[in-house]
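The values are calculated or read from the model by the stated rules, or taken from the named source; none is laboratory data. No experiment lies behind these values; they were computed from the predicted model shown. All Cβ positions, glycine included, derive from the backbone under ideal geometry; neighbour counts span all protein chains shown.
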Amino acid sequence: MQQSRQQYEPDPHIQCGYIDASDNVIVRYQKDALRCFGYTGGHFQRGLWRLNSDLRRIVWFPRLWKHGAWENALSADGNVITEDAGEQAVEGYRIPMNDDFVDERIVFAKWHDPLGRTVYRFTGVFRKSKAESTGQVTAFRKVSDRFDLRQRRTLYPEQA
């Protein structure tokens, strides 16, 4: 049991200075993923977090299945995430395709481990792909399997 807990700790990744999808980086809670970016607070669940010192990046925790009106999916090759707002989606909730505010999403996709527990796996760094998006579906293409943590971006103070 102790080994299982250590498996989900972010500290080894913080110490080595990067997270890489090929290392199968998995954390148990969002707060553990956010510790890689300087977060020191407790449990708080949300779909995305903005970085304080880099407003053009967010940490995103998508469910890769249908949930309510939303349906996110990861392509078979792991290089594209599609976000389908569905017909019921509230206009204005999605980040518009012409919005230049967010360039990259650092993705920790929500999964279930073999015991059925919710975990978050680092999937890579993604950017919006206008060419692969439609009016209702926004596509994000992977631009990197690795993110350098030595930058130690910090979260907004109100999120800490």
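Of note:
- When residues in the stretch 49-97 are screened for being modelled with pLDDT of 90 or more, among the hydrophobic types (A, V, I, L, M, F, W, C) and under 17 Å from the mean Cα position of the chain (by Cα), 7 of them pass.
- Annotation note: Cβ proximity below 6 Å between a residue of the stretch 33-54 that is among the charged types (D, E, K, R) and a residue that is surrounded by 15 or more Cβ atoms within 10 Å (Cβ to Cβ) and part of a loop (DSSP other than H, G, I, E, B) (sequence gap 6+ or interchain) occurs for Arg35/Pro10; Asp54/Arg153.
- Taken over the stretch 31-72, the residue count meeting the criterion of being assigned to a strand (DSSP E or B) and buried (at least 17 other Cβ atoms within 10 Å of the Cβ) is 8.
- Cβ-Cβ distances below 9 Å connect the following pairs, each with a first residue in the stretch 107-118 that is assigned to a loop (DSSP other than H, G, I, E, B), a second residue that is modelled with pLDDT of 90 or more, and a separation of six or more residues or different chains: Asp113/Ile26; Asp113/Arg28; Asp113/Val119; Arg117/Arg28.
- Total residues in the stretch 62-84, condition touching a residue at least 12 places away in the same chain (Cβ under 8 Å), of a type in the set (A, V, I, L, M) and either within 13 Å of Lys110 (Cα to Cα) or in contact with a strand residue (DSSP E or B) (Cβ under 6 Å, 6 or more places away or on another chain) (or both): 4
- Total residues in the stretch 112-143, condition polar (S, T, N, Q) and more than 17 Å from Ile81 (Cβ to Cβ): 1
- Residues satisfying the criterion are present in the stretch 98-114 (criterion: buried (at least 18 other Cβ atoms within 10 Å of the Cβ), at pLDDT 85 or above, touching a Gly at 6+ places or on another chain (Cβ under 7 Å) and closer than 26 Å to His43 by Cα).
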